[in-house]
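A.B. asks: Once you've had a glance at the structure underneath, I'll fire off some questions.
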Amino acid sequence: MKLYVIDLGKIVMMNDNPVVDASSEDVESAIPIQAFLIDSPVGWVLFDAGCNLEGMDGAWPEEIRANPYVYEEGMTIERRLADIGVALSDVKHVVLSHLHLDHVGCAPMFPDATWYVQRDEYDRTMADYKAGTLDMFHLQCDMDAICSQDRNWHFIKGDEPYELCEGLTIYDFGPGHSFGMLGLRVDLECGTFILAQDTVYSAYHFGPPAQFSGAMVDEQGYLDTIEFIRGLADETNATVIFGHDMDQFHSLTLSDKGFYE
């Protein structure tokens with residue numbers, strides 16, 4: 001099995017924000033937008049799908065565009081996969097950590113895949129979508145695209161991990177950063193990785209002690225999830241890959257340079 005870390009650009013933080021530490025001049029005022037591709041016994045698995053490529057062209061509301069999404073030519077998810085030798089239609093499973101704008105934007109490019117999402121995240125987001133009450137991170141344009149056709153959904157809920165195949169396990173991390181979060185554990189010969197995404201923004205937020213982020217719907221759930229991840233990482237001697245840690249991101253082997261196996 002192989003794990004590819006995919007660089008999909010960055011969001012530049014122009015104002016005070018809950019992700020980067022504005023008090024430190026050494027911290028880059030941008031967050032990485034990353035996805036992960038796994039070559040597995042059940043086929044190609046994509047974990048998260050980055051931002052809507054039309055976001056900065058008006059698909060996103062003005063207040064979201066105030067922190068611009070920036071990506072270079074060749075940083076689209078289609079191009080990144082093509083560079084690995086993977087067509088969009090080759091991806092059989094799309095696991096969504098949650099339905100925020102920087103994780104679900106390009107998911108509609110995989111209409112024939114099975115989509116995995118946490119049950120409460122789906123239910124709450126779709127209820128808000130129908131009621132016209134979406135929050136600032138669940139965007140109308142993304143929900144319009146997702147709901148434009150039938151999807152093959154697989155809903156995850158409960159304490160029992162869901163094994164896609166040996167060595168590839170989905171965890172329901174429950175509420176915290178959003179209504180319901182999923183994480184992915186990847187067991188490779190080189191070691192175990194826990195893809196935490198926004199359950200833990202960065203090493204700073206991971207602690208110990210755990211630090212609150214500025215975007216949460218359930219504070220206790222957020223803290224409980226971090227401690228669960230900490231325990232799982234200790235038990236499996238795993239590397240936790242955080243959602244938006246630029247320093248860690250720069251230290252990873254990205255898909256244009258290689259992979260983990």
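A.B. asks: Any residue at all in the stretch 188-201 that is hydroxyl-bearing (Ser, Thr, Tyr) and part of a loop (DSSP other than H, G, I, E, B)?
C.D. replies: Yes: one or more hits.
A.B. asks: Now for a separate question. Residue under question is Glu73, and the condition is that it be modelled with pLDDT of 95 or more, farther than 20 Å from Ala215 by Cα and of a type in the set (D, E, K, R); does it hold?
C.D. replies: Spelling it out, it is not the case that Glu73 is modelled with pLDDT of 95 or more, farther than 20 Å from Ala215 by Cα and of a type in the set (D, E, K, R).
A.B. asks: Right, here's the next one. Need the failing condition index for Leu101 against (1) surrounded by 15 or more Cβ atoms within 10 Å (Cβ to Cβ); (2) touching a strand residue (DSSP E or B) at 6+ places or on another chain (Cβ under 6 Å), just the number.
C.D. replies: Here Leu101 clears every test but (2).
A.B. asks: Output the residues belonging to the stretch 92-123 that are assigned to a strand (DSSP E or B) and closer than 29 Å to Val217 by Cβ.
C.D. replies: Hits for the stretch 92-123 are His93, Val94, Val95, Thr114, Trp115, Tyr116, Val117, Gln118.
A.B. asks: Inspect the stretch 215-237 for any residue being over 22 Å from Phe179 (Cα atoms) and in a loop (DSSP other than H, G, I, E, B) and give the result as yes or no.
C.D. replies: Checked against the condition, which is being over 22 Å from Phe179 (Cα atoms) and in a loop (DSSP other than H, G, I, E, B), the stretch 215-237 yields at least one hit.
A.B. asks: Count, please, the residues in the stretch 124-149 that happen to be outside any loop (DSSP other than H, G, I, E, B) and either touching a residue at least 40 places away in the same chain (Cβ under 8 Å) or under 23 Å from Gly243 (Cα atoms) (or both).
C.D. replies: 8
A.B. asks: Just to be sure before I move on: is Phe179 within 22 Å of Gly43 (Cβ to Cβ), of a type in the set (Phe, Trp, Tyr) and at pLDDT 95 or above in the structure I sent?
C.D. replies: No.
A.B. asks: Only one of Gly174, Gly231, Gly183 is surrounded by fewer than 15 Cβ atoms within 10 Å (Cβ to Cβ) and not acidic (Asp, Glu). Can you tell me which?
C.D. replies: After applying the criteria, what remains is Gly231.
A.B. asks: Only residues that are surrounded by 18 or more Cβ atoms within 10 Å (Cβ to Cβ), in contact with a helix residue (DSSP H, G or I) (Cβ under 9 Å, 6 or more places away or on another chain) and either more than 23 Å from Met126 (Cα to Cα) or aromatic (Phe, Trp, Tyr) (or both): list them for the stretch 148-171, please.
C.D. replies: The answer is Tyr171, and nothing else.
A.B. asks: Next up: Search the stretch 234-261 for residues being buried (at least 18 other Cβ atoms within 10 Å of the Cβ) and of a type in the set (Ser, Thr, Tyr), and hand back the single one that is nearest to Asp48 (Cα to Cα).
C.D. replies: For the stretch 234-261, the residue satisfying everything is Ser255.
A.B. asks: Sticking with this one: For the stretch 110-139, enumerate the residues that are surrounded by 20 or more Cβ atoms within 10 Å (Cβ to Cβ) and more than 17 Å from Ile156 (Cα to Cα).
C.D. replies: Correct list: Phe110, His138, Leu139.
The values are calculated or read from the model by the stated rules, or taken from the named source; none is laboratory data. Just so it is clear, the model here is predicted, and its values are computed rather than measured. Methodologically, a virtual Cβ is constructed for each residue, glycine included, from the backbone with ideal geometry; neighbour enumeration extends over all protein chains shown.
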